[in-house]
Amino acid sequence: MIINEAYVRKRKIKGFIALTLSALAAFLGLFWLGFILFDVLRHGIQGLSLELFTEDPAPPGIPGGGLKNAFIGQLEIVFFATIIGVPIGILAGTFIAEYARGTKFAKTVSILSDIMVSVPSIVVGTFIYAILVKPIGNINIGGIIAIGFLSAIIAIIFGGIINFIVNKVLKLNTKLLNLTLSLITVLFGLFVFLTLLTKLVDKIQGFNGWAGATALAFIMIPVVLRTTEDMLSLVPWTLREAAFALGASYFKVIKDIVYRAAATGILTGVILSISRVSGETAPLLFTSFNNSYFTLNMNEPVASLTVTIFNYAMGPYEDWHIKAWAASFVIMVFILFITIIARAIIHWKYKNN
Amino acid sequence: MKRKLPLSDIIFGIVSFSASFLVLTLIFSTILILYNESSLAIHRFGILNFIFTENWDPVNEIFGAAAPLYGTFITTVLSLLFAIPVALGIAIFLTEVSPHFLKSPIGVAIEMLAAIPSIIYGMWGLFTLAPIMAEYVEPALQKTLGQIPLIGKLFEGEPQGIDLFTASVVLSIMIVPFIASIARDSLNLTPNIMKESAYALGATKWDVIKDIMIPYAKLGIYGGIVLALGRALGETMAVAFVLGNNHQITLSLFEAAATITVTLANEFTEADTDIYLSSLFYLALILFVLSFVILAIAKFFLLKAERGYSR
């Protein structure tokens, strides 16, 4: 057999060059990550102080003050976005993974929400602007939905507690009693809903916090939906069959078997979606806008960290730039921390099983 | 025997169905509402006329999308050009080259790159990368590539750092992790038996990667690239800082420009006339349709790849 020495050597050299280049590419990726992290750390540390979290901004151009308004505003917006986005995402994910499993409808929703995950977030901002900011004087649907879900969650917790007290502590358990308890829970939920609604939601007067929360929820829904769907389909079908064989209804199977088995996975998805929306800026630019004063009223423009960073970094004052870096630092630490925790949960959960 | 559905199932089924139906309506109502809001501009400027008009003049109320479309196109293409080789290199390194103990930490680090919010890329691009670009990289490019007759036109002008080139670099760093992680997953799915047969025939490692793994993972890699294309198209904050907002089509990469997203971010809240706002909604509609189509293509590739692997 004749082996062409030169040819073999040429192939080996070519391979060596190609593989070295790929190692260089990996090094380049690490280099960018290190560069960005280090740079945010270096600039951000300068601006970190207690006042950053406890004081409102000073007038433009005057050094001092903090970003309390933006920190609290960000928390408000992300909180209500979570309240709207997570229940819808989980419910929709449950429907397409359980009741509609394998149907065309489920596939369509699944593919469309995969696309929605990557839809430009600024377009979401313009869409929400058109329905929740521009029609001044209309009812704020975003606020109503948020309050609706909030009161539903409060009512469910309340119902759980009285149910526990009556059934487990007082050891009473009759059909009639359970029915009354459910009725009380529903009435309580309605009461909470109406009280909060009159207190918290006004007609649209322009940019408002509810619109910001709704825009972030729009981005959250497909993320939560897809994770829920994936996690529910990981639960073995035999587990459900075992429960069906005992005579449980599908709702009971979902509530007590499937959700329990998939809880960690869904929780991780929720955490990751929160971290994803906390860094979003574009959808907030024309919805919650910005506010240089501290406010808890979601019917007004609400400051958020990311929009504040945008305005401060583009602004002319050196002090603003330092604040923008400090805020970026806080956001980045928050997001990286959350991402690492979520990864650790996944690792811990799926390595042990 | 027909079983009666329990009430709890009916209620929960209806509630969860309406949630999933809402997801469907969200997408379609986005298109409808954007179309409705932009109808004024669509009637005034038409479709082709709007796309090919460079003029963006709020005072005389003449609006055309040519400049932002051009900016979007150039930044997207350039960032893909920069990102694809690096991302494929990373994917190959992670699947074949790296020693085992390095695989997981490097993989996590690359995913961290995807978790950093885009506004931080923007800040970093404006305050750190742009000065470096203006001082070192761009003059160096002008001295070397800028001297070549035709290509030189791309590198003309005073390097400011706030330009198409810097924006594309920032964007490319952002999309590397998307392509890399999908490409890695696809490469990893190559059956060992195929690789082993190639090695048995005397192939080198690079031969195996080039002739066995990459052709096998082709569809997945395409999907990843098209997905990244969709992401790059709609990215706002990372480019808003480093692009200026200049509604002119310039051949040089060292000039400020505008993309659809940057125009929206800078001008949406300032739009004072109906036709101005409507034109901005028109831009948003174009962006939405473009990215929807591109993402659908990406999804098509990825689904096809998935089906191919599971066979």
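Using only the C-alpha atoms, the convex hull of the stretch B:84-149 corresponds to 141 Å³ per residue. Stretching the chain fully between A:ILE161 and A:LEU176 yields a gain of 3.6 nm (0.36 nm per residue, less the alpha carbon separation).
The 3J(HN,Hα) values that the Karplus relation (6.51, -1.76, 1.60; θ = phi - 60°) gives for the stretch B:155-163 are, in residue order, 10, 7, x, 6, x, 10, x, 9, 7 Hz. Gly and Pro appear as x. Scalar couplings 3J(HN,Hα) for the stretch B:248-264, obtained by applying the Karplus form with A = 6.51, B = -1.76, C = 1.60 to θ = phi - 60°, are 9, 8, 10, 6, 6, 7, 9, 10, 4, 8, 9, 10, 4, 5, 5, 4, 4 Hz; x denotes Gly and Pro. Partner aspartates and glutamates whose Cα lies under 19 Å from the Cα of B:LYS153, excluding those fewer than 8 positions away in the same chain, are identified as B:GLU138, B:ASP163, B:GLU255. Is there a pair in B:LYS210/B:LYS299; A:LYS107/B:LYS299; A:LYS104/A:LYS252; B:LYS218/B:LYS299 whose C-alpha atoms are over 19 Å apart, and which pairs would that be? Long pairs (Cα-Cα over 19 Å): B:LYS210/B:LYS299; A:LYS104/A:LYS252. The charge dipole of the protein assembly as shown, taken about its Cα centre with unit charges on the Cβ atoms of Lys, Arg (+1), Asp and Glu (-1) only, comes to about 3380 debye. Annotation: amide H of A:SER304 within the under-5 Å range of A:ASN291, sequence separation 5 or more or interchain, hydrogens built in the peptide plane. Here, chain A yields an orientationally averaged convex hull projection of 28.7 nm² when only Cα atoms define the hull. Amide H contacts under 5 Å for B:ILE62: B:ASP57, restricted to partners 5 or more places along the chain or on a different chain, H placed in the peptide plane at 1.01 Å from N. The residues packed around B:TYR121, meaning those with a beta-carbon under 14 Å from its beta-carbon, carry a net charge of -2 if Lys and Arg are +1 and Asp and Glu are -1. Each distinct pair of alpha carbons in the stretch B:45-310 adds a 1/r term; the inverse of their mean, the Kirkwood radius, is 20.2 Å. Principal axis extents of the Cα atoms in the protein assembly as shown, from largest to smallest and rounded to whole angstrom, are 88, 76, 54. In a reduced charge model with +1 at each Lys and Arg Cβ and -1 at each Asp and Glu Cβ, the stretch B:45-310 shows a dipole moment near 1320 debye about its Cα centre. Placing R0 at 22 angstrom, the Cβ-Cβ distance between A:ILE271 and A:ILE136 gives a FRET efficiency of 0.05 after rounding to 0.05. Summing Cβ point charges (Lys, Arg +1; Asp, Glu -1) relative to the Cα centre of chain A gives a dipole of roughly 1500 debye. Summing charges over all other residues whose Cβ lies under 14 Å from the Cβ of A:GLY85, with Lys and Arg as +1 and Asp and Glu as -1, gives +1. For the residues A:ALA25, A:ALA81, A:ALA245, a GNM of chain A with alpha-carbon springs under 10 Å puts the largest fluctuation on A:ALA25. In the stretch A:215-353, taking the dipole from charged Cβ atoms about the Cα centre, the farthest positive-side position among A:ALA262, A:THR295, A:LEU284 is held by A:ALA262. Between A:GLU76, A:GLU51, A:GLU300, the GNM of chain A built on Cα springs shorter than 10 angstrom shows A:GLU51 fluctuating the most.
State, as an integer percentage, the relative contact order of the stretch B:45-310 based on alpha-carbon contacts under 8 Å between residues 6 or more apart. Averaging sequence separation for qualifying contacts and normalising by length gives 27 percent for the stretch B:45-310. Computed across the stretch B:7-55, the Kirkwood radius stands at 13.7 Å (inverse of mean 1/r, all Cα pairs).
The Cα center of the stretch B:179-195 and the Cα center of the stretch A:223-292 differ in position by 28 Å.
Among residues other than A:ALA215 with Cβ under 15 Å from its Cβ, the summed charge is 0 (Lys and Arg +1, Asp and Glu -1). For the stretch A:43-78, the residues whose backbone nitrogen is under 13 Å from a point 7 Å from the Cα of A:TYR293, taken along Cα to Cβ, are A:57. Classify the stretch A:1-92 as rounded, prolate or oblate from the Cα gyration tensor: take a ≥ b ≥ c as the square roots of its eigenvalues, call it rounded if a/c is under 1.5, otherwise prolate when a/b beats b/c and oblate if not. Note, shape of the stretch A:1-92 comes out oblate. In this structure the amide hydrogen of A:LEU67, modeled in the peptide plane, comes within under 5 Å of the amide hydrogens of A:PHE53, A:THR54, A:GLU55, none closer than 5 places in sequence on its chain. Kindly provide log₁₀ I(q)/I(0) values, in the same order as q = 0.24 Å⁻¹, from the Debye equation applied to equal alpha-carbon scatterers of the stretch B:124-227. Debye curve over Cα of the stretch B:124-227, log10 I(q)/I(0) at q = 0.24 Å⁻¹: -1.12.
Read-outs: derived from the displayed coordinates by stated rules, not from any lab. In this text the structure is predicted, and so the values were computed from the model without any measurement. Note that we place each Cβ from the backbone using ideal geometry, even for glycine, and neighbour counts take in every protein chain shown.
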